[in-house]
Amino acid sequence: MLDRLEEIKKAALEALQQVSDGETLETWRVTHTGRSSALMQVFSGIASLGKEERPLVGQKANQIKQALETAFTERSQVIRHATLEKQLTSEHLDVSLPGRPRQAGRLHPATQTLRRILGILADMGFQVFTSNEVETDEFNFQLLNFPPDHPAREMQDSFYVDAGERGENPILLRTHTSPGQIRAMRLAAASDPKNPPPIRIALPGMCFRYEQITARSEAQFNQVEGLAIGKGITFSDLKGTLSDFARRMFGQGTRTRFRAQHFPFTEPSAEMDVECFVCGGTGCPVCKQAGWLEILGCGMVHPTVLQNGGYDPQVYTGFAFGMGSERQAMLRHKIDDIRYFWANDIRFLEQF
């Protein structure tokens, strides 16, 4: 049996010398050290040997097994190094070339603009207040002084989660961040109903409207709502705040103007324009030859809205404004199509 073990060892080592690739090496391992190999059969037959021969054969078989495993490891390293050397020679790898750059993640351009807007408003004393994306008809429309027959209340302009029956309070995806005004005012008024504290907040969030998607309108968009409530607040405070915001956002030389407008939740209401960045006010296709670009709507908070929020309109006044971060980004970077923001085109996103 000892002679048989020597023959197994010699045959295995001679066969190993002929191995030159990884696939053949694996075949050698299975053949000479696997469960069905001749060496393993010797281990299986040790029990049938005599008491004197049994320990000698077992010791010898273990020595040969260790020797074959060591030889297998050494041959594996030799083949690996030879394969690597062959690849380096055939591929002509220039080790002096720079490595492949790692692509770093970055913020979405809409998020960058949203953070810039909130940063400017924070410097002006506004605190961030967040509210629900899913709202009731009461908070989204009724408490904001939308009359029952207002066009924005129709099904084609809003995404209803649960329309409910006639007379109930439907649930919908908010069409603007303005419902947060009521929630913020009621939260503040709850602390002292007889003398509620002043408010100065910014309400960011995603809004949803059932609209035709075009280069200038999307079904979803980010909006930032501003709200200031206190005693003695006037339209001059609103105009000064927004004019200062425009200079901080677009540059100190930015020119602005206010135009009369109508919103159910503010009275009086206005829209603010900035001078076109492309043509400098002379008129171009971007500003539709007007020389001005509209960036937000604003106005003094309607007395009904103040009362619904828990503030006495005989004592308190306030102003509110709302702007879209995507629209601001389009103005700052001269982007001509709002659909780029949600198309997930890496060629567009890598520019920011």
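Laboratory data are not the source of any read-out in this text; all were calculated from the coordinates shown. Source: prediction; values computed, not measured. Neighbour counts are summed over all protein chains in view; Cβ atoms, including those assigned to glycine, are modelled from backbone coordinates with ideal geometry.
A viscosity of 0.692 mPa s and a temperature of 37 °C, combined with the Kirkwood radius over C-alpha pairs in the Stokes-Einstein formula, give region 2-91 a diffusion coefficient of 229 µm²/s. A compact globular protein would have a Cα radius of gyration near 2.2 N^0.38 Å; the ratio found for region 40-132 is 2.79. Run down the aspartates and glutamates and flag those whose C-alpha is under 14 Å from the C-alpha of Lys60, throwing out any fewer than 8 positions away in its chain. Lys60 reaches Asp3, Glu6, Glu7, Glu52. One quarter of the convex hull surface built on the alpha carbon atoms of region 242-307 amounts to 4.8 nm², the projected area averaged over directions.
For q values of 0.15, 0.22 Å⁻¹, compute log₁₀ I(q)/I(0) with the Debye formula on a Cα-only model of region 79-205, without solvent. Per q value, in the given order, log10 I(q)/I(0) is -0.91, -1.23. Here the label points at Phe43 and Lys231, each 7 Å from Cα along the C-beta direction, are separated by 9.3 nm in the simple model. Shown for the chain: cysteine residues without a partner Cβ closer than 4.7 Å, namely Cys207, Cys298. Projecting the alpha carbon convex hull of the chain along each direction and taking the average yields 35.7 nm². Two tests apply to each whole DSSP H helix in the chain, Cα reach of 20 Å or more along its axis and mean Kyte-Doolittle hydropathy of at least -0.5, and the ones passing both are 2-17, 109-123, 235-250. Distant-in-sequence amide contacts of Trp292, defined by a placed amide H-H separation under 5 Å and a gap of 5 or more residues or a different chain, comprise Cys276.
One compactness figure for region 39-92 is 1.90, namely its Cα radius of gyration divided by 2.2 N^0.38 Å. Helices in the chain, meaning DSSP H runs of at least 4 residues, each add -39500 (n - 2.57). Divided by all residues, the mean residue ellipticity at 222 nm is -13000 deg cm²/dmol.
Annotation: lysines with alpha-carbon distance below 20 angstrom to Lys231 (same-chain offsets under eight excluded): Lys194, Lys239. Computed on region 109-349, with alpha-carbon pairs under 8 angstrom and 6+ residues apart, the relative contact order is 22 percent.
Full extension of the chain between Ala104 and Glu74 yields a length gain of 6.7 nm, computed as 0.36 nm times the residue separation minus the alpha carbon distance.
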